[in-house]
1. I'd like to know if the stretch 85-107 contains one or more residues that are in contact with a Lys or Arg (Cβ under 6 Å, 6 or more places away or on another chain), within 27 Å of Ala178 (Cα to Cα) and assigned by the TED database to the domain that holds Ala60.
2. Using the structure shown, decide if Ala213 is assigned to a helix (DSSP H, G or I), touching a Leu at 6+ places or on another chain (Cβ under 9 Å) and in the same structural domain as Tyr120 (by the TED database).
3. Quick one: which residue in Ala218, Ala144, Ala213 is in contact with a helix residue (DSSP H, G or I) (Cβ under 9 Å, 6 or more places away or on another chain), without any contact (Cβ under 8 Å) to a residue 40 or more places away in the chain and within 24 Å of His4 (Cβ to Cβ)?
4. Give just the number: which of (1) over 18 Å from His154 (Cα atoms); (2) crowded, with 23+ Cβ neighbours inside 10 Å does Val55 not satisfy?
5. Can you find a residue in the stretch 180-200 that is outside any loop (DSSP other than H, G, I, E, B), open to solvent by less than 70 Å² (accessible area, probe 1.4 Å), touching a residue at least 24 places away in the same chain (Cβ under 8 Å) and under 16 Å from Ala232 (Cα atoms)?
6. Only residues that are part of a loop (DSSP other than H, G, I, E, B) and surrounded by fewer than 16 Cβ atoms within 10 Å (Cβ to Cβ): list them for the stretch 65-80, please.
7. Can you tell me which residue among Gly221, Gly173 is modelled with pLDDT under 95, open to solvent by less than 70 Å² (accessible area, probe 1.4 Å) and more than 21 Å from Gly119 (Cβ to Cβ)?
8. Tally time: how many residues in the stretch 155-172 are outside any loop (DSSP other than H, G, I, E, B) and either farther than 11 Å from Trp226 by Cα or among the β-branched types (Val, Ile, Thr) (or both)?
Amino acid sequence: MARHVVLGKGPVGTAVAAHLVGLGHDVVVVSRSGAPVAAPSPVSAGTGTSHAGAVEHVAADATDTARIASLAVGAVSIINAASPAYDQWPALWPTLHAAAMGAAERSGAVLVTAGNLYGYGEGSGVMTEATPLRSTERKGAVRAQMWRDALARHEAGTIRATEVRASDYIGPGTLGPAHAGERLFAPLLQGKAVHPVGDPTQPHSWTYLQDFAAALVAAAGLELAWGHAWHAPTNEPLTFGELARRCAAEAGLPAPKVSPVPPVVVRAIGLVVPAMRE
């Protein structure tokens, strides 16, 4: 089978690596530490694959174009699933993305970027792949420019590039500060109230993490996908409250109390926690 390079070992990178391994591919996972992480068991994804591929974890600086390019020699794709700190996107993403594009150009690997919805901007309504990237907020502007830069190089013929965008994700491996991660499930499974950040009555799209991973992998291998941005398959919108109640029902638990963190508390925490402030 083929060889792929995955930048980042967070929830998305880990899910992508597991999906590739389940398809029989070999994967090089690049992170600062190079330490392996626990991942979901690989599955064959219905392909009839009788053996799993191998995963190699490598410590490397994702902004080092030459190093990433050397790791990608002979690779089918570079899947950029890196995840800079939320409050550091404007400072870190341009350099990371430039390195990934440079590595794709030097190695010939297809560049697949794990994207999100920030680039569309406030007031976009129902978002599709045809929705203009018009965000004026600094994180959204950074994400929008990343795609414009990749598309420009693709159209110039120096790289082959695509991007797959997802909403907030849910599913095995969704950890850390994710809205549908520990913030939801830890108190829910203890029978306690859940305290989301934001309006729990606002309809919201949730992308199943394994669907996001599968879409990124599919885009890497499908020539028709290159030169375009895509949305990962995503379920119908649910409010946070509806999501919490469905999860409680699946666990055989009573519907939890949903009490959002008051804005004044969010602002107070933001005084000492940069990510919350952002």
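The values are calculated or read from the model by the stated rules, or taken from the named source; none is laboratory data. Here the structure is a predicted model, which means the values were calculated and not measured. Here the Cβ is made from the backbone with ideal geometry for all residues, glycine too, and neighbour counts use every protein chain on show. Remember, those area values only see protein heavy atoms, side chains included, never the ligands or the DNA or RNA. Shrake-Rupley method; radii C 1.70, N 1.55, O 1.52, S 1.80 Å.
1. Taking every residue of the stretch 85-107 in turn, at least one turns out to be in contact with a Lys or Arg (Cβ under 6 Å, 6 or more places away or on another chain), within 27 Å of Ala178 (Cα to Cα) and assigned by the TED database to the domain that holds Ala60.
2. Against the criterion (assigned to a helix (DSSP H, G or I), touching a Leu at 6+ places or on another chain (Cβ under 9 Å) and in the same structural domain as Tyr120 (by the TED database)), Ala213 qualifies.
3. From the options Ala218, Ala144, Ala213, the qualifying one is Ala218.
4. (2)
5. no
6. Result: Val73, Gly74.
7. Only one candidate qualifies: Gly173.
8. Summing the residues that are outside any loop (DSSP other than H, G, I, E, B) and either farther than 11 Å from Trp226 by Cα or among the β-branched types (Val, Ile, Thr) (or both) in the stretch 155-172 gives 7.
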